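All remarks here apply to the structure that follows.
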Amino acid sequence: MFQSSRVKTANSARLFENAKEVMPGGVTANIKFFSPHPLFMDGGEGAYLRDVDGNDYVDYMLSYGALMLGHGHPAIKETLYSQIENSGTWLFGTPHELEIQFANKMKQFFPGMDFLRYTNSGTEATLLALRLAESYTGKHKIAKFEGHYHGGYNKVLLSLDPDLAERGSSEEPNSVPSSKGINRSQVQETVVLPYNDNNAFEILKKHANEIGAVLIEPVQGGFIPAGSSFMSELRYLTEEYNIVLIFDEVKTGFRINLGGAQSYYGIQPDLTTLGKVIGGGFPLGVVGGKKEILMESSPIKEDSSEILKPRDVLFHSGTYNGHPLILAAGLKTIDILENELDNVLMKTDLLKSELELLFSEKGIPMQAIGIGSIFNVIISEERILNYRDYCEANFKMRKKIDYQLLYNGIYSKPLSRYSLSTRHGEKEIERTINAYEKVLTGL
């Protein structure tokens, strides 16, 4: 286990003790913690991270998928320097032309984005999308799917990882708080649906007069894809019952293909939320979709210059929305991916197939599940369609493998998915396979 490598990561252990003196739990985000202590990094280049003890790792976390060009890409550095040099500042606090350029680039790949608004994270994007949907429909309940994550606020922090004793039937899951601080009224305002299960449609019909929006990760966790027929029926029913369909593509945007999961399925949602990759490693979120829904936030009346009263507008603002440095980095990131994404997808498929072959040779049932440049290592021979199927995998063995991989220079937070970048090549894949060979042999 990783505990046996404390000498190798002694400086991380020391800094963690220091961090606990100034931050709750020693971290600024709960997902950054793992036992006995998280690793503190002080450098990164390409596909690699370096910790404060001088150990280097092939990085498959990539800041939870955000760094699709890897660490410190020279083109992004040059873009940032040029933007500051040319403008003389790094924040206008006013409209600027990059906002229009970036919006047009988004529309190129996401044709359902008639209009869009900028936020500073994927969490803010999903929050704004829900507010827009509720304003547009006048219905204030929402529906989400069991096991799906949409950010850190109360209305969606429900049934992320419910215990067996609380989660209810698979046909009609209970709405179970996944955090402290969620009151009963918030639980009642969120309907939880079974993913990849047609029972979800009966629940939607039952609550159609109350539900204003359905929020879904079209690929759960970035690696469990929905069935095509399931997605088609969901699109049909939401249109039939005047429910806004929101695709949360924070994880999948520009990672499955340039048009995201909606391009993969051939389905156009009413609203799309994006984050992570589109910011090039900087905080950026986008909400885009139908003009009539986005216009709920317009301070002026459509097709006129008449200023609306504040109470007649869905308020949305933010000092850093559409930050010029970040939009410049995002545009350059997407320009590069237009030429290099296919190679990333090919390398991801190669790594997945090599891992599955290795596990098979060792007699361990494993599936490398995912589409695009994200996947997860699932130790199970059963078909994985949703959260409950995923819960049946062998997490004990997976965690043991992950800790030993850390010791052998492969970085992913234990039990997390894998993301690849343009900087992951054959050398990194070979190193990864060799580390897995060593670890699995040691089991």
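The values are calculated or read from the model by the stated rules, or taken from the named source; none is laboratory data. Remember, predicted model here, so these are calculated numbers, not experimental data. Please note: Cβ atoms are built from the backbone with ideal geometry, for glycine as well, and neighbour counts cover all protein chains shown.
List the pairs whose first member sits in the range 65-87 and is surrounded by fewer than 21 Cβ atoms within 10 Å (Cβ to Cβ), whose second member is among the basic types (Lys, Arg) and not in a loop (DSSP other than H, G, I, E, B), and whose Cβ atoms are under 8 Å apart, counting only residues at least 6 apart or on separate chains?
Every condition considered, the pairs that remain are 75/332; 79/332.
What pairs come up if the first residue lies in the range 308-323 and is outside the structural domain of residue 135 (by TED's automatic domain parsing), the second is among the aromatic types (Phe, Trp, Tyr) and assigned to a loop (DSSP other than H, G, I, E, B), and their beta carbons are under 7 Å apart, counting only those six or more places apart or on different chains?
Close Cβ pairs satisfying both conditions: none exist.
Could you count how many residues in the range 49-64 are without any contact (Cβ under 8 Å) to a residue 24 or more places away in the chain and hydroxyl-bearing (Ser, Thr, Tyr)? Don't jump to the end; show me each part of the working.
Here is the first cut: in the range 49-64, the residues without any contact (Cβ under 8 Å) to a residue 24 or more places away in the chain are 50, 54.
From what is left, the residues that are hydroxyl-bearing (Ser, Thr, Tyr) are none.
Here the count works out to 0.
The conditions are (1) of a type in the set (S, T, N, Q); (2) part of a helix (DSSP H, G or I); (3) in contact (Cβ under 8 Å) with a residue 60 or more places away in the chain, and residue 209 fails exactly one of them. Which is it?
(2)
Determine which single condition residue 366 fails, assuming it passes every other condition in (1) without any contact (Cβ under 8 Å) to a residue 24 or more places away in the chain; (2) loosely packed, with under 15 Cβ neighbours inside 10 Å; (3) of a type outside the set (Val, Ile, Thr).
Every condition holds for residue 366 apart from (2).
Pull out all pairs, ordered by first then second residue, where Cβ-Cβ is under 6 Å, the residues are six or more apart or on different chains, the first lies in the range 139-153 and is more than 21 Å from residue 293 (Cα to Cα), and the second is at pLDDT 95 or above and surrounded by fewer than 19 Cβ atoms within 10 Å (Cβ to Cβ).
Hits for this filter: 149/160.
It is to be established whether one or more residues within the range 3-18 are more than 30 Å from residue 431 (Cα to Cα), out of contact with any strand residue (DSSP E or B) (no Cβ under 6 Å at 6 or more places or on another chain) and not assigned by TED's automatic domain parsing to the domain that holds residue 250.
Of all residues in the range 3-18, those more than 30 Å from residue 431 (Cα to Cα) come to 17-18.
Now restrict to residues that are out of contact with any strand residue (DSSP E or B) (no Cβ under 6 Å at 6 or more places or on another chain): 17-18.
Applying the additional criterion that residues be not assigned by TED's automatic domain parsing to the domain that holds residue 250 yields 17-18.
Yes, that holds for at least one residue.
Could you grab me the full set of residues in the range 421-443 that are over 18 Å from residue 44 (Cα atoms), at pLDDT 95 or above and of a type outside the set (Phe, Trp, Tyr)?
426, 430, 433, 434, 435, 437, 438, 439, 440, 441
Is at least one residue of the range 330-348 among the small types (Gly, Ala, Ser), within 19 Å of residue 99 (Cβ to Cβ) and not assigned by TED's automatic domain parsing to the domain that holds residue 255?
Of the residues in the range 330-348, the ones among the small types (Gly, Ala, Ser) are 330.
Now restrict to residues that are within 19 Å of residue 99 (Cβ to Cβ): 330.
Narrowing the set further to residues that are not assigned by TED's automatic domain parsing to the domain that holds residue 255 leaves 330.
Looking for residues that are among the small types (Gly, Ala, Ser), within 19 Å of residue 99 (Cβ to Cβ) and not assigned by TED's automatic domain parsing to the domain that holds residue 255, one finds at least one in the range 330-348, hence yes.
Matching residues to (1) touching a residue at least 60 places away in the same chain (Cβ under 8 Å); (2) in contact with an Asp or Glu (Cβ under 9 Å, 6 or more places away or on another chain):
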residue	(1), (2)
398	no, no
406	yes, no
413	yes, yes
416	yes, yes
423	yes, yes
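Which fully enclosed strands (runs of 3 or more DSSP E) of the range 111-199 have 2 or more residues being among the charged types (D, E, K, R) and surrounded by fewer than 21 Cβ atoms within 10 Å (Cβ to Cβ)?
Details: elements: 115-119, 141-145, 190-193.
Where strands (runs of 3 or more DSSP E) fall fully within the range 111-199, none carries at least 2 residues being among the charged types (D, E, K, R) and surrounded by fewer than 21 Cβ atoms within 10 Å (Cβ to Cβ).
Considering only the range 76-104, how many residues are aliphatic (A, V, I, L, M) and either under 14 Å from residue 279 (Cα atoms) or touching a Cys at 6+ places or on another chain (Cβ under 9 Å) (or both)?
Here is the first cut: in the range 76-104, the residues aliphatic (A, V, I, L, M) are 76, 80, 84, 91, 98, 100, 103.
Narrowing the set further to residues that are either under 14 Å from residue 279 (Cα atoms) or touching a Cys at 6+ places or on another chain (Cβ under 9 Å) (or both) leaves 76, 80, 98, 103.
Of the residues in the range 76-104, 4 are aliphatic (A, V, I, L, M) and either under 14 Å from residue 279 (Cα atoms) or touching a Cys at 6+ places or on another chain (Cβ under 9 Å) (or both).
Filter the helices (runs of 4 or more DSSP H) completely within the range 359-443 down to those with at least 1 residues that are closer than 19 Å to residue 59 by Cβ. Even if it seems obvious, please write down each step before you answer.
Details: elements: 387-391, 395-407, 426-442.
Once the helices (runs of 4 or more DSSP H) in the range 359-443 are filtered for at least 1 residues that are closer than 19 Å to residue 59 by Cβ, what remains is 395-407, 426-442.
Which of the residues spanning the range 20-46 are farther than 18 Å from residue 417 by Cα and hydroxyl-bearing (Ser, Thr, Tyr)? Steps first, answer last, please.
The first filter runs over the range 20-46 and keeps only residues farther than 18 Å from residue 417 by Cα, leaving 20-28, 36-37, 40-46.
Residue satisfying the conditions is 28 alone.
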